[in-house]
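Step one of this worksheet: look at the structure below.
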2 protein chains.
Amino acid sequence: MALRLYDLAGADPQRRFSPYCWRIRMALAHKELPVETIPWRFTEKDAIAPSGQGRVPVLVDGERWIADSWPIANYLEDAHEARPSVFGGPSGRRLSRFYSCLGDTLVLAIFPFVALDILDVLHEKDREYFRKTREERVGTTLEAFVADREQRLPPFRASLAPLRLTLKEQPFLGGERPLYADYAVFGAFQWARCVSPFALLAEDDPVRSWRDRLLDAFGGLARGAPAFDKA
Amino acid sequence: MALRLYDLAGADPQRRFSPYCWRIRMALAHKELPVETIPWRFTEKDAIAPSGQGRVPVLVDGERWIADSWPIANYLEDAHEARPSVFGGPSGRRLSRFYSCLGDTLVLAIFPFVALDILDVLHEKDREYFRKTREERVGTTLEAFVADREQRLPPFRASLAPLRLTLKEQPFLGGERPLYADYAVFGAFQWARCVSPFALLAEDDPVRSWRDRLLDAFGGLARGAPAFDKA
């Protein structure tokens with residue numbers, strides 16, 4: 001039985017925009033595992049209730065329900081040891097943890113740029129939920145939250161210095177070929193371009209070239225998804 | 001013949017404070033390689049001229065002179081394959097590149113906190129050189145450069161979020177035991193405490209606990225070095 005992945009979707013069911021789900025989409029492709037992705041909206045908590053929590057990604061493998069990108073990546077690696085490793089071995093797995101946390105931090109850092117734009121791509125039934133929960137979290141309206149994003153852009157780009165330095169030296173964080181470390185960080189940038197036309201990365205940024213290489217990976221899996229192509 | 005390492009020192013020849021040399025000191029200990037460290041000052045360019053450049057670390061192995069922490073770490077790994085790996089395998093080596101760049105970026109981020117304090121630990125013959133080159137680099141006096149360090153502290157600490165999140169999950173960046181990834185980042189914090197009493201890390205910060213575990217590693221190699229113990 002094929003794996004199933006609950007995958008955050010917008011009004012267009014093909015617009016899949018969760019940074020955490022993109023990590024898993026890429027990891028599944030890396031491991032050459034077919035998957036049935038199920039479009040899921042923020043308010044469809046019942047559909048994923050067997051996972052014991054209310055967020056995606058949720059992977060279903062037969063009777064097993066696994067939530068959260070890091071446990072899912074580890075599950076896929078262990079359940080399919082003979083397939084290409086997403087971590088690059090036991091030390092690689094431990095060294096990948098930081099990249100996962102870096103990806104989480106990047107999502108928080110990018111949110112003040114794209115928060116309002118997300119509303120435009122959401123399914124109608126999710127909009128009120130999204131605005132209410134996110135405005136409570138950030139303590140202001142989404143409009144006020146993104147108002148100074150142009151001024152925030154230079155320090156945000158400067159904060160990518162360690163990625164930039166690395167990607168001047170090697171094409172992927174994992175070396176000549178991408179690993180989960182790449183997907184964990186890429187998810188944040190793919191999320192951004194799926195929900196917003198805002199150009200987070202300068203055209204001549206090595207981080208952008210790396211992102212573009214990942215858009216092309218696995219037959220253009222990520223590039224083929226509905227997104228704002230100029231972002 | 002034992003390896004020799006040119007190691008940046010202060011007025012006290014035992015005060016070794018280069019963040020990049022500390023990476024190599026820890027890597028040599030990890031690989032259980034004895035080394036003769038040679039105290040070196042900024043202005044002793046002639047002593048390391050055979051390396052083809054003017055900065056440390058410089059490792060001398062017989063007739064070979066190797067400069068720069070990343071090439072040295074790779075040289076040690078390749079020349080002593082049978083000893084404990086500092087990278088954790090081929091993928092680990094590639095995944096460690098980012099940590100090296102992160103360490104480089106941390107040195108730049110920490111410099112505005114400790115720049116003036118460094119003068120106090122330098123050998124007399126290095127002081128004018130250090131002030132002149134660094135003031136040219138930062139475009140102001142060292143005194144002005146560090147003047148707002150208290151205000152810079154909260155954003156600096158916030159910028160460590162990905163490290164903090166990771167180190168809540170596992171004791172070292174390399175997992176249960178440290179790897180070069182740890183040493184590359186640790187070097188910046190060890191440098192800071194060797195040159196300045198300024199407390200960069202809050203006492204309850206998991207990053208500080210991790211730093212302290214590395215101070216204790218290899219029989220307290222880094223803890224035993226002259227430093228400001230309250231930093």
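Touching a helix residue (DSSP H, G or I) at 6+ places or on another chain (Cβ under 7 Å) and more than 30 Å from A:Glu32 (Cα to Cα): does that describe A:Arg164?
Details: touching a helix residue (DSSP H, G or I) at 6+ places or on another chain (Cβ under 7 Å): yes; more than 30 Å from A:Glu32 (Cα to Cα): no.
In short, no.
Identify the residue in segment B:118-128 that is over 16 Å from B:Ser18 (Cα atoms) and in contact (Cβ under 8 Å) with a residue 12 or more places away in the chain and, among all such residues, is surrounded by the most Cβ atoms within 10 Å (Cβ to Cβ). Write out each step before concluding.
Our first condition is that a residue be over 16 Å from B:Ser18 (Cα atoms); within segment B:118-128, this holds for B:124-125, B:128.
Okay, now just the ones that are also in contact (Cβ under 8 Å) with a residue 12 or more places away in the chain, so B:124-125.
On the way: B:Glu124: 8, B:Lys125: 12.
The residue in question is B:Lys125.
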_Options B:Val58, B:Val86: the member that is away from every other protein chain (no Cβ under 14 Å), buried (at least 17 other Cβ atoms within 10 Å of the Cβ) and in contact (Cβ under 8 Å) with a residue 12 or more places away in the chain_ = B:Val58
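Being within 9 Å of chain B (Cβ to nearest Cβ) and loosely packed, with under 13 Cβ neighbours inside 10 Å, is that true of even one residue in segment A:131-153? Reasoning before the result, please.
Start the filter on segment A:131-153 by keeping residues that are within 9 Å of chain B (Cβ to nearest Cβ), which leaves none.
No, the conditions are met nowhere in segment A:131-153.
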*Using the structure shown, decide if B:Ala181 is crowded, with 20+ Cβ neighbours inside 10 Å and either within 11 Å of chain A (Cβ to nearest Cβ) or not in a helix (DSSP H, G or I) (or both).*
yes
*Positions within segment B:163-174 being free of Cβ contacts under 8 Å to residues at least 24 places away in the same chain and buried (at least 20 other Cβ atoms within 10 Å of the Cβ), in sequence order*: B:Thr166
*Determine, yes or no, whether B:Pro19 is in contact (Cβ under 8 Å) with a residue 12 or more places away in the chain, surrounded by fewer than 17 Cβ atoms within 10 Å (Cβ to Cβ) and not polar (S, T, N, Q).*
no
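Residues to consider are B:Ala181, B:Ala115; find the one that is in contact with a Leu (Cβ under 7 Å, 6 or more places away or on another chain), touching a residue at least 60 places away in the same chain (Cβ under 8 Å), at negative phi and small (Gly, Ala, Ser).
On the way: B:Ala115 fails: touching a residue at least 60 places away in the same chain (Cβ under 8 Å).
Unique residue meeting the criteria: B:Ala181.
If you go through segment B:90-117, how many residues are over 30 Å from B:Tyr75 (Cα atoms) and among the aliphatic types (A, V, I, L, M)? Break it down into steps so the answer makes sense when it comes.
As a first pass, look at segment B:90-117 and keep what is over 30 Å from B:Tyr75 (Cα atoms): B:112-117.
Narrowing further to those that are among the aliphatic types (A, V, I, L, M): B:114-116.
Within segment B:90-117, residues that are over 30 Å from B:Tyr75 (Cα atoms) and among the aliphatic types (A, V, I, L, M) number 3.
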*Limited to segment A:118-133, what total is found for residues that are part of a helix (DSSP H, G or I), closer than 15 Å to A:Gly10 by Cβ and either modelled with pLDDT under 95 or within 21 Å of the chain's Cα centre (by Cα) (or both)?*
9
*Give just the number: which of (1) more than 14 Å from chain A (Cβ to nearest Cβ); (2) closer than 30 Å to B:Glu143 by Cβ does B:Leu28 not satisfy?*
(2)
*Failed condition for A:Pro197, given (1) of a type outside the set (Ser, Thr, Tyr); (2) within 14 Å of chain B (Cβ to nearest Cβ); (3) under 18 Å from the mean Cα position of the chain (by Cα); (4) exposed (fewer than 15 other Cβ atoms within 10 Å of the Cβ), with all others met?*
(2)
*asked:* I'd like the full set of residues that are β-branched (Val, Ile, Thr) and in contact with a strand residue (DSSP E or B) (Cβ under 8 Å, 6 or more places away or on another chain), limited to segment A:52-102.
replied: A:Val56, A:Val58, A:Val60, A:Ile66, A:Ile72
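Can you give me the number of residues within segment A:84-104 that are touching a helix residue (DSSP H, G or I) at 6+ places or on another chain (Cβ under 8 Å) and either among the β-branched types (Val, Ile, Thr) or assigned to a helix (DSSP H, G or I) (or both)? Spell out how you get there, then give the answer.
Quick first cut of segment A:84-104, residues touching a helix residue (DSSP H, G or I) at 6+ places or on another chain (Cβ under 8 Å) only: A:84-89, A:91-93, A:95-104.
Now narrow it down to the ones that are either among the β-branched types (Val, Ile, Thr) or assigned to a helix (DSSP H, G or I) (or both): A:86, A:91-93, A:95-104.
Residues in segment A:84-104 being touching a helix residue (DSSP H, G or I) at 6+ places or on another chain (Cβ under 8 Å) and either among the β-branched types (Val, Ile, Thr) or assigned to a helix (DSSP H, G or I) (or both): 14 in total.
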*Report, by residue number, each residue of segment B:35-71 that is closer than 25 Å to B:Arg97 by Cα, part of a loop (DSSP other than H, G, I, E, B) and out of contact with any helix residue (DSSP H, G or I) (no Cβ under 6 Å at 6 or more places or on another chain).*
B:Gly52, B:Gln53, B:Arg55, B:Asp68
*asked:* Name the single residue that is farthest from the other protein chains (Cβ to nearest Cβ) among those in segment B:72-83 being in a helix (DSSP H, G or I) and farther than 20 Å from B:Val185 by Cα.
replied: B:Ala79
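So which residues in segment A:154-178 are basic (Lys, Arg), within 13 Å of another protein chain (Cβ to nearest Cβ) and in a helix (DSSP H, G or I), if there are any at all?
Let us first name the residues in segment A:154-178 that are basic (Lys, Arg), namely A:157, A:164, A:168, A:177.
Checking the rest, the ones that are also within 13 Å of another protein chain (Cβ to nearest Cβ) come to A:164, A:168, A:177.
Those that are basic (Lys, Arg), within 13 Å of another protein chain (Cβ to nearest Cβ) and in a helix (DSSP H, G or I): A:Arg164, A:Lys168.
The values are calculated or read from the model by the stated rules, or taken from the named source; none is laboratory data. Predicted model only: the values in this text are computed from it and were never measured. Using ideal geometry, Cβ is built from the backbone for each residue, glycine included, and neighbour counts are taken over all protein chains shown.
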